[in-house]
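**Q** Once you've had a glance at the structure underneath, I'll fire off some questions.
The numbers here are math on the coordinates, done by the rules we state, and not lab data. Fair warning: this is a prediction, and the values are worked out from it, not measured in the lab. Here the Cβ is made from the backbone with ideal geometry for all residues, glycine too, and neighbour counts use every protein chain on show.
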Amino acid sequence: MILVTGATGTVGRYVVERLVGEGRSVRALSRSPEKAKLPNGVEVVSGDLEKTDTFPAFLDGIKKVFWVITHEADKTFPFVARQAGVEQIVLLSSLSINEHPDNAIARFHSAAEEAVRESGVNWTFLRAGGFMSNTLQWAQSIRSEGIVRAPFGTSGAAYIDPRDIADVAVLSLISSGHAEKIYLLTGSELMSPIDQVEVLSDVLQKDIQFIDISEGTALENMKDFYPDEIVEAAIQGLKQANPTGVSPTVKEITGRYPRSFNQWVTDHLNAYR
């Protein structure tokens with residue numbers, strides 16, 4: 001059986017759906033199982049990756065794990081998993097490790113990677129870049145004002161569709177040849193926030209104005225939701241152009257090019273309208 005943590009999250013939900021489609025037995029971890037709304041046949045269990053005492057119950061009978069972490073996650077998880085009989089962990093890590101190794105996001109993902117290595121399980125690390133789905137935070141202002149407010153309007157990055165990350169994760173879990181591999185995952189095109197707004201305007205057939213806000217304003221807005229060091233790391237990532245560029249990994253693993261931002265918006269029209 002395969003355990004998917006973060007099963008109701010941006011990537012985890014797609015991992016669950018694809019594993020079910022492959023006929024695999026899936027246990028999905030959620031803090032609120034009653035609200036999970038996952039496919040029929042999925043065993044949805046309660047648990048918390050920040051509370052070690054909850055680990056043994058949801059690890060019972062598990063052989064493989066898709067591990068999604070936060071900065072607060074208990075890094076003893078891989079060791080407990082190994083003791084429980086887990087043989088493989090596919091970790092959703094961050095491209096920040098390559099691009100901004102000294103910031104807080106890179107540090108907590110590096111610590112998780114090191115814990116997995118030290119645990120002795122087989123591992124695969126998915127170092128993903130910025131998600132296309134982050135543009136959903138613009139949806140309300142697009143609907144109500146036809147405006148997007150964001151910093152660093154011309155700074156480019158190769159944003160990735162979370163579904164592409166899920167596709168690589170599932171193949172890493174169910175096929176051979178992925179042990180001790182670090183995969184750098186990006187989309188297929190460098191785009192700035194201004195570029196993204198142009199695509200949104202075109203697909204939605206709506207005039208959308210981009211307003212470039214200051215770094216200070218962006219910091220204050222984000223600090224309402226995240227710890228200061230995480231906000232500062234996120235701002236650093238947004239501010240600097242993506243040094244990794246476009247990675248070929250998604251195509252190498254899946255056999256197809258990553259989904260475009262145009263496709264992401266087209267597939268999620270109702271979220272922006």
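**Q** Going through the cross-link list K35/K181; K37/K206; K35/K64; K35/K75, which pairs have a Cα-Cα distance over 28 Å in this structure?
**A** Values: K35/K181 34 Å; K37/K206 32 Å; K35/K64 24 Å; K35/K75 26 Å.
The answer is K35/K181; K37/K206.
**Q** Report, in debye and to the nearest 20, how large the dipole of the chain comes out about its Cα centre when Lys and Arg carry +1 and Asp and Glu carry -1 on their Cβ.
**A** Value, rounded to 20: 800 debye.
**Q** Quick check: the angle from helix 228-239's long axis to the longest principal axis of the chain, C-alpha only, nearest 10 degrees?
**A** With rounding to tens, the tilt is 60 degrees.
**Q** Let me test this: with uniform point scatterers at the alpha carbons of region 26-144, what is the Debye-based log₁₀ I(q)/I(0) at q = 0.13, 0.18, 0.19 1/Å?
**A** Results for region 26-144 at q = 0.13, 0.18, 0.19 Å⁻¹ read -0.60, -1.02, -1.10.
**Q** Quick one: Karplus J couplings for region 92-106, per residue in order, coefficients 6.51, -1.76, 1.60, θ = phi - 60°, nearest Hz, x for Gly and Pro?
**A** Going residue by residue, I get 7, 9, 9, 5, 4, 4, 7, 9, 9, x, 9, 8, 5, 5, 5 Hz, with x marking Gly and Pro.
**Q** If you don't mind, there's one more thing I want to ask. What does the highest-first list of 181-190, 18-27 look like by mean Cβ count within 10 Å? Don't skip to the end; give the middle numbers.
**A** Numbers: 181-190: 19.5, 18-27: 16.7.
Packing proxy ranking, top to bottom: 181-190, 18-27.
**Q** Okay, next question. Against the globular-protein guess of 2.2 N^0.38 Å, express the Cα radius of gyration of region 135-225 as a ratio, rounded to two decimals.
**A** Normalised by 2.2 N^0.38 Å, the Cα Rg of region 135-225 equals 1.38.
**Q** In whole Hz, with x marking every Gly and Pro, tabulate ³J(HN,Hα) for region 107-120 from phi via Karplus 6.51 cos²θ - 1.76 cosθ + 1.60, θ = phi - 60°.
**A** Per-residue couplings from phi come out as 5, 6, 6, 4, 5, 5, 4, 5, 5, 5, 4, 5, 5, x Hz.
**Q** Give me the tail of P(r) for region 45-100 as a percent: Cα-Cα pairs with distance above 14 Å.
**A** Above the 14 Å cut-off, region 45-100 has 56 percent of its Cα pairs.
**Q** Only one of the listed values, [x] 6, 28, 34, 19, 6, 3, 2, 0, 0; [y] 6, 20, 22, 21, 14, 9, 7, 2, 0; [z] 7, 28, 35, 23, 7, 0, was derived from the coordinates as P(r) over Cα pairs in 10 Å bins from 0, in percent; which label is it?
**A** The listed entry that was calculated here is [z].
**Q** Within region 173-204, name every residue whose backbone N is under 20 Å away from a label modeled 7 Å from Cα of T266 along the Cβ vector.
**A** 187-192, 195-204
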